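J.: Below are the structure tokens for one structure; questions will follow.
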Amino acid sequence: MSVVITGPTDIAMVGLAVMGQNLVLNMADHGFTVACFNRHVEVVDQFVAGPAKGKSIIGTHNLKDMVATLKRPRKVMLLIKAGKPVDSVIGQVLPLLEKGDIIIDGGNSHYPDTTRRYEELKAKGILFVGSGVSGGEEGARYGPSLMPGGSAEAWPEIKPIFQAVAAKADGEPCCDWVGPAGAGHYVKMVHNGIEYGDMQLICESYDLMKRLAGMTDKEISEVMGRWNKGVLDSFLIEITRDILKYDDTDGTPLVEKIMDKAGQKGTGKWTAIDALDKGMPVTLIGEAVFARCLSALKDERIRASKVLTGPAIEPVPKSERSAFIDDLEQALYASKIISYAQGFMLIREAANEFNWKLNFPSIALMWRGGCIIRSVFLGEITKAFRENSDLENLLFHPFFKSAVVQAQAGWRKTVARAVTNGIPTPAYSTALAFYDGYRSERLPANLLQAQRDYFGAHTFQILPECADDKKKPNSNIHINWTGKGGNVSATTYDA
Ligand code: NBP
């Protein structure tokens, strides 16, 4: 098929798999002219002759023809497999561009790669944007959440297109400038981590209703439907409601036939690793990743289930079911607040470490619609950061503080019940442990420091009120605990 090239086009898209095709169609629907290219060019032809037919979309068979259609500054967006393909395509498109042109990577790139590409392209005068894109196929087609970051000079150029195609929440686009370098992909990474946490919390709720209250999938679906009308109103609760009432051809719930081994593509793991690297207690996402790992050990779990015993389950009587479900709703709400508080703690730490000035209210707004974690709850987070963008922690905001305090009785009852009955609730439990740790003025880390000094001479500091002439505040102190070791303290951490 011969492709007629006309122009000028507003933006070009490289990569016509599910995300690329749908975003191109979305851009065309909003009045933009789009040039597109795909490595296997038969995909271009099929797209142009199929879903793109009659729209302001131009297919090209090579990057040179594609770039030739573009208005200046040229905007070339990549929606291809993350990793080496992105570097490869950037290398191919670069000789066709000139200073001031813009390359946008909309794939799931790891943020250190985005920061590297931003620096490399900056040195060549090319503006580089790494943009998180969330919402899957439907989001791309009808309104994704877009999280762009990188060269700020590119923002005024791409803003009209990005904000037009993005999802809207309460009339506002779920897309704004995130910050420099790899900030856009960083925020997308944390979004994906939070998605892991939200999903794990919902799965734990389902497990408790099933195993403790003996509820059917349809009954649990009804609870999800009710929750979806209140503070937990969200995309993930909504799809869970629908999944649980979906019957297979034999009239039984399909979900019960699905192998209980969770897969993962790695972005939740990136968040957990990054949290460990930054020393941030993002415990809920960490537990959500580990819960998937534990589920994957299916064969071993089957063997363990035959030999390792637990308590006999004391079912929730029908007369107490309603109170049990209310407690569960409180537990889910409170745990979710903790997870988002932890996510924002991590983003704040990244901003400090990388010296990024980030727009916190906009980050919450970007997640408010279009993406997998979209929820009414994110509207409250947006409001909280709009009131005070320097908010140290979401838990200090009056709305979330009182929400957690009010929810804690049900939350504690839920976790206690799960533990007593031997039903695993890693996400609920870690959220509660974090809350209790975070609100503790004194933790047992004094003893831990003493242990470290005892066996490794790692030193400790003294509480200001206990300081004296020998143990001065802020000084690193080593004690010869046994009288046998020396008085020399360690200078490097080697535990
Ligand atoms: P895939 O991630 O499945 O990637 C397929 C695309 O990458 C095709 O266009 C393919 O071209 C192209 N590609 C590959 Br593979 N290697 C290439 C190379 N060396 N050079 C040039 N092109 C190459 O597509 P997707 O699911 O549409 O996702 C696109 C990006 O968006 C990914 O980074 C993904 O992680 C991210 N994302 C996906 C979703 C989702 O729901 N799918 C959601 C959010 C973000 P070909 O046709 O010639 O093989």
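The values are calculated or read from the model by the stated rules, or taken from the named source; none is laboratory data. Keep in mind it's a predicted model, so treat the numbers as computed, not measured. When we count neighbours, we look across all protein chains shown, and the Cβ atoms used for this are built from the backbone with ideal geometry, even at glycine. Surface accessibility is based on the protein's heavy atoms, side chains included, excluding ligands, DNA and RNA. Shrake-Rupley method; radii C 1.70, N 1.55, O 1.52, S 1.80 Å.
J.: Loop only by DSSP, 12 or fewer other Cβ within 10 Å of the Cβ. Give me the chymotrypsin sites (Phe, Trp or Tyr not before Pro) in region 386-495 that pass, ordered by residue number.
T.: Those satisfying the criteria are TYR493.
J.: Name the residue farthest towards the positive end of the dipole of the chain from the options PRO73, GLN92, LEU463, assuming +1 on Cβ of Lys and Arg, -1 on Cβ of Asp and Glu, about the Cα centre.
T.: Toward the positive end, the furthest listed residue is GLN92.
J.: I've got another one for you. How many Å² of accessible area per residue for the chain, probe 1.4 Å?
T.: 48 Å²
J.: Accessible area, 1.4 Å probe, largest first: how do THR482, THR60, THR33 sort?
T.: These residues rank, largest area first, as THR482, THR33, THR60.
J.: Here is a further query. Work out, step by step, the length gained on full extension between LEU443 and LYS71: first 0.36 nm times the residue separation, then minus their alpha carbon distance; give nm to one decimal.
T.: Contour length minus the Cα-Cα distance gives 127.9 nm.
J.: Size of the dipole of region 274-349 about the Cα centre, Lys and Arg at +1 and Asp and Glu at -1 on the beta carbon, nothing else charged, in debye to 20?
T.: 280 debye
J.: Taking 25 Å as R0, compute the FRET efficiency from the Cβ-Cβ separation of ASN476 and ASP277 and round it to 0.05.
T.: 0.55
J.: Quick one: if you take sqrt(5λ) for each eigenvalue of the C-alpha gyration tensor of region 245-357, what semi-axes come out, biggest first, whole angstrom?
T.: 34, 21, 16
J.: So what is the orientation-averaged projected area of the chain, using the convex hull of its C-alpha atoms, in nm²?
T.: So the Cα hull casts an average projection of 30.2 nm².
J.: Another question about this same structure. Might you report the magnitude of the Cβ-based charge dipole of the chain about its Cα centre, with Lys and Arg at +1 and Asp and Glu at -1, to the nearest 20 debye?
T.: With Lys and Arg at +1 and Asp and Glu at -1, about 440 debye.
J.: Follow-up. Given region 116-176, what whole percent of its Cα pairs are spread farther than 18 Å?
T.: Of all Cα-Cα distances in region 116-176, 38 percent exceed 18 Å.
J.: Check the straight Cα-Cα distances from LYS470 and name the lysines below 29 Å, setting aside those fewer than 8 residues away within the same chain.
T.: Leaving aside lysines fewer than 8 places away in the same chain, those within reach of LYS470 are LYS484.
J.: Let me see the P(r) profile for region 301-453: every Cα-Cα distance counted, bins of 10 Å, each bin given as a percent of all pairs.
T.: 9, 29, 29, 21, 10, 1
J.: How large is the Kirkwood hydrodynamic radius of region 20-142, in angstrom, based on all distinct alpha carbon pairs?
T.: 14.9 Å
J.: Summarise the accessible area of the chain (1.4 Å probe, protein heavy atoms) by the percent that is carbon and sulfur.
T.: Ligands and nucleic acids excluded, carbon and sulfur reach 55 percent.
J.: Further question on the same structure: Would you mind telling me the antiparallel percentage of the DSSP bridges in the chain, rounded to 5?
T.: For the chain, the DSSP antiparallel bridge percentage is about 35.
J.: Angle between the Cα long axis of helix 283-296 and the longest principal axis of the chain, 0 to 90 degrees, nearest 10?
T.: 80 degrees
J.: Could you tell me which of GLY268, HIS30, PHE128 has its Cα farthest along the dipole of the chain towards the positive end, charges placed at Cβ (Lys, Arg +1; Asp, Glu -1), taken about the Cα centre?
T.: Working it through, the farthest residue towards the positive pole turns out to be PHE128.
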